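In what follows, a single structure is set out as structure tokens and then discussed.
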Amino acid sequence: HDNPTVSVIIPCFNGEVFLRESVDSALGQSYAGKEVIVVDDGSTDGTPGIVARYGERVTYLRKDNGGQATAFNAGIRACKGELVALLDGDDWWHPRKLALVLAEFKRDPALVAVGHAIYEVDQLAGKRYEVRPDRALILDLKSREKAVELANSMAYLGTSRLTARRAVLESL
């Protein structure tokens, strides 16, 4: 598709402190073709009420606590998008994140996933750290060397910076 639907999956557990900022950053993306799904992993705080305020703009799934991977899996099973973007409930995105990532998928239709640099913020210390590769990496897994390169660069395919084709995530 020229403009595929992107499913944004936000897992959270007791996320009332940061969840609003996370959801607002997903809803505020300049790319319009998205759905936002919050998967509540058994929160005991005010998370359900926070999500309820968004009404129909956000799909809310609640499940028993099982950890982040189970929350992502529940979201993947429920989503409708051709592409899935993962966003931790205590992170937020730049307003053009999805547009920039989708431009990469459009540029190379063979891509199955796109990751990118992030900033880690230590609010208490008032510090910001950039976490990024020293170059663009294309990982094709057609050789042992490429598999090792993937293993060594997983930090750039972690949550909040990973967008992948839903079909690939479902097969995993």
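The values are calculated or read from the model by the stated rules, or taken from the named source; none is laboratory data. Because the structure is a prediction, the values reported are computed rather than measured. We place every Cβ from the backbone using ideal geometry, glycine too, and count neighbours over all the protein chains shown. Accessible surface is based on the protein model in full, side chains and every heavy atom, while ligands, DNA and RNA are left aside. Shrake-Rupley method; radii C 1.70, N 1.55, O 1.52, S 1.80 Å.
When the chain is fully extended, how far beyond the present Cα-Cα distance does ASN65 get from LEU111, taking 0.36 nm per residue of separation?
Numbers: separation 46, 0.36 × 46 = 16.56 nm, distance 3.28 nm.
This chain segment gains 13.3 nm when fully extended.
Distance between the pseudo-spin-label points of GLU21 and ALA78 (7 Å out from Cα toward the beta carbon): 2.4 nm.
How much space per residue, in cubic angstrom, does the convex hull of the C-alpha atoms of region 70-117 take up?
So the per-residue hull volume is 104 Å³.
Comparing region 13-114 with the 2.2 N^0.38 Å rule of thumb, its C-alpha radius of gyration ratio is 1.09 (two decimals). Per-residue 3J(HN,Hα) values for region 25-37, derived from phi via the Karplus relation 6.51 cos²θ - 1.76 cosθ + 1.60 with θ = phi - 60°, read 5, 6, 5, x, 5, 5, 7, 7, x, 9, 10, 10, 10 Hz in sequence order (x marks Gly and Pro). Local charge for GLY66 was computed over the other residues whose Cβ lies under 14 Å away, with Lys and Arg +1 and Asp and Glu -1, and equals 0. Amide hydrogen proximity for ARG62: with H placed 1.01 Å from N in the peptide plane, the residues at 5 or more positions away or on another chain lying under 5 Å are ASP40. Between the beta carbons of SER30 and GLU145, assuming R0 = 30 Å, the FRET efficiency works out to 0.20 to the nearest 0.05. Solvent-accessible area of VAL6, all protein chains in place: 0 Å² (probe radius 1.4 Å, heavy atoms, ligands and nucleic acids excluded).
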